[in-house]
Each structure stands twice: as structure tokens, then as C-alpha cells.
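First comes the structure, then the notes that go with it.
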Amino acid sequence: MSDPSKRKDPNATIQIDLDQVQLYDPSATPEPGGSQPGARKVPPPLPTPPPFPAATQPAPPSPAKTIAYVAMLVVLVGLAIVGGLMVGRRAGGTASVAPVASATAPGAATPSALPSGSASPPQTLTLPTIEMR
């Protein structure tokens, strides 16, 4: 590959005499006015860009569109409320609230009297009174 006896100079440069080199591009088209391929000194003009459209202010939102957005928001909130109530009813079960009979009311039903369609007394939770000092 490389001969270890010859060391390369890291600062070595290559010198090329440009008079002995012919610069020619085979894909370039010859210029009508120039006799040499590199005779032109000025680059060709750039194509003109298309004109920019005038910056216009966006139109204000129409009242009908605003009303439609508000109506959709109201419907969405209503559906969320209805859905929440439905889920709450399913999660809470079917608990029925029995009316509380007053002991002083004449003809009040006794606690031992059961409604006609139920087989067991309603379940109640009684908590003791807590005194805080």
C-alpha cells in the first residue's frame, strides 16, 4: 500500500500550471459573442419572481358562524351533563328514598309497616352522635 521508508510531507502542496490545462465544459452551450468559454464576466440576469399577492386583512367572523359555534358548545355541554347523570345513576344503583314519617303526625305509618311490593325492610344506616369540644 504505502512504502514506510518514504515519509509524506504534511505541508506539501501540488502546483498546477494553468497555461497547460484546458478548462472546457462539454455540456455548456457556446456563447454567441465570446470566443472563449470563460470570456463572460457578468452572470446572466435572474428571472423575475412572481408578484406577491397584496396582504389583506382577514374578514371578521360572520354572526351566523358565531351563533353556530355557541349552539354547538351549548349542545356539547348539555350532552356532557346528560351523560354524567346517566353514569351517576348506573354507578349509584337503584336506591329508593323512603319518605320520613313524623312521629307527631296523626295516622303516621309505623316503621314495621312494609310497602306492599317489597319483601324486606329498607336498609338504613344509623350513625352515633359525635360530640366535638
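Per 0.36 nm of contour for each residue apart, how much would the distance between Thr124 and Leu76 grow if the chain were fully extended, relative to their Cα-Cα spacing?
Result: 13.4 nm gained on full extension.
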Quick check: residue separation of Leu46 and Gln20 times 0.36 nm, minus the Cα distance between them. What number comes out in nm?
5.9 nm
Mind listing the phi-derived Karplus ³J(HN,Hα) values for the range 62-71, rounded to whole Hz, using 6.51, -1.76 and 1.60 with θ = phi - 60°, and x for any glycine or proline?
6, x, 5, 5, 5, 5, 5, 5, 5, 5
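No lab work stands behind these numbers, since they all come straight from the coordinates. These numbers were taken from a predicted model, which means no experiment stands behind them.
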